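The structure appears below as structure tokens.
Read-outs: derived from the displayed coordinates by stated rules, not from any lab. Given the structure is predicted, the values throughout are model-derived calculations rather than measurements. Cβ placement follows ideal geometry from the backbone for every residue including glycine, while neighbour counts extend to all protein chains displayed.
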Amino acid sequence: MGALAGYHTAVGEARSHEIYRARWIVPVGRPPIEGGEVVVREGAILSVGRQSLPASGKREDNIHDLGEAVLFPSPVNAHTHLEWSHLEGGAPKGPPFTGWVRALLASPRPEAKDQLAAAERAARGCLASGTFSVGNFSASLAEAPIMIEAGLGGSIFQELIGLPASRAEPLEREARQWREVSARNPQAIGLPVFPAPHGPHTVSRELLLRLAAELVHGGRLALHVAESTEELEFLRTGLGPFREIHEARGGWDGSWMPPATTPVRYLDSLGLLTPRTLAVHCVHVDGGEIRLLVRRGTSVALCPRSNRWTGAGVAPLPSLLQAGVNCALGTDSLASNSDLDMAAELAAARETWPSVSPAELVRMATLGGALALGLHGRELGRGELSPGSRALMAFAEIPQGALGASDPCAILCGDHGAVRFRKAPLSGAPRAAAPFSEERKNKPQEHKES
């Protein structure tokens, strides 16, 4: 029986519970359950276990029987840039990585309304494919009202770029102002806002030190780390393609000095590696750097399809997991990917790292992302199906040839054929109306220096 083919709602005068049933339940925090159900009340999960009553039971509940499907926590897209969605279908490709960067920077700047329309389509596409939470990097924050209207939750990381030391104070001041607005009045923006210095090769040491001070007071921070060999060369010598890009764009004034070390070690020397830091990509890290990430409790978001698109390389996921790094999964943007579909990203991860178990990959796409973005816990409750968590759930119909399969995580990873993730019917997606600065909303995104 296909998903929703046996969908049934028991009618009663009082509808106190929502019960979701499927061939397989993948809670993530515990082993999968065959013939399971999730009981929900007022948007929160009450229980997860084996089915207790027949689908035609007399209890006055709404019963959603998904049939031959896998029900699991809504995926968390730990890293994307909705503001680049206007490049869908026309983005440049690498290698080399810096060739992709140059082409991206040279791409035509869209009209603000066209850029926002593309971001809205991308946000609604995420929700339709079962993704309720994203870590969205944004230079202008213009996507915040779009995310809220679409019902897409998560966090916004305000991307900061500027290598000259003179840019540190104004960039930090702007980021602090928006964080303070978000903290004083959550409805002003509607989503939490955190700083995202683009990377150690695109912002100054002075800015990084200013932002490190914010981490001491309980904030969060995210940045691109060790994505390309060109980044490593620039930090080691101050030369190479990134130096040329900075000079060509007027972003080089001679104030930046190469730290003559690797990105991870450089960031650690400045106090930026903490349990509240998200390091995105980490393609080019060695064993010592991995151990450093573990000691600092820093999470890592990996984007295998984006890295393939840009020619960045392949991250050492097996070594990261073996060492104990919390790893998450992200699609990156439509400037370096064909879509923002977490089902496709999970399948790509399975193909890229076949030695990693399907269960571990599913954890990355759900709980790993929630932990990386600070979205896990009693109040936020994303990433796993457990009592007290929010009922943010997705499901995938089991392919015909996999109806007898014993590993539902392998089904989700595409081992038995491509699957489509969909949001579970009536599950409580985060949604709130919030005012937002019209000036900010209509401001076109500034193109990146790198």
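Here are a few things to note about the model shown:
- Three-way shape label, the stretch 71-230, alpha-carbon gyration tensor, a/c 1.5: oblate
- Descending by average beta-carbon neighbour count within 10 Å, the peptides 16-22, 226-232, 348-354 line up as 226-232, 16-22, 348-354, the highest first.
- Neighbour net charge for GLY313 - beta-carbon separation under 15 angstrom, K R +1, D E -1: -4
- Listed peptides 130-140, 244-254, 279-289 appear in the order 130-140, 279-289, 244-254 once ranked by packing, highest mean of other Cβ atoms within 10 Å at the front.
- For the chain, fraction of C-alpha pairs farther apart than 32 Å, in %: 36
- Burial ranking of peptide ranges 410-419, 111-120 (average Cβ count within 10 Å, highest at the top): 410-419, 111-120
- Charge tally in the Cβ shell below 10 Å around ALA349, where Lys, Arg are +1 and Asp, Glu are -1, ALA349 excluded: -1
- The ranking of LEU403, LEU211 by Cβ neighbour count inside 10 Å, starting from the fewest, reads LEU403, LEU211.
- An oblate overall shape is assigned to the stretch 212-342, the ratio a/c of its alpha-carbon gyration tensor axes (a ≥ b ≥ c) being 1.5 or greater and a/b not exceeding b/c.
- Prolate/oblate/rounded call for the stretch 148-289, Cα gyration tensor, a/c under 1.5 rounded: prolate
- Taking the helices alone, the chain has a mean residue ellipticity at 222 nm of -9000 deg cm²/dmol, built from -39,500 (n - 2.57) per DSSP H run of at least 4 residues and averaged over all its residues.
- Beta bridges per DSSP with both ends in the chain, % antiparallel, nearest 5: 40
- A simple spin-label model places pseudo-atoms 7 Å from Cα toward Cβ; at SER269 and GLU34 they are separated by 5.6 nm.
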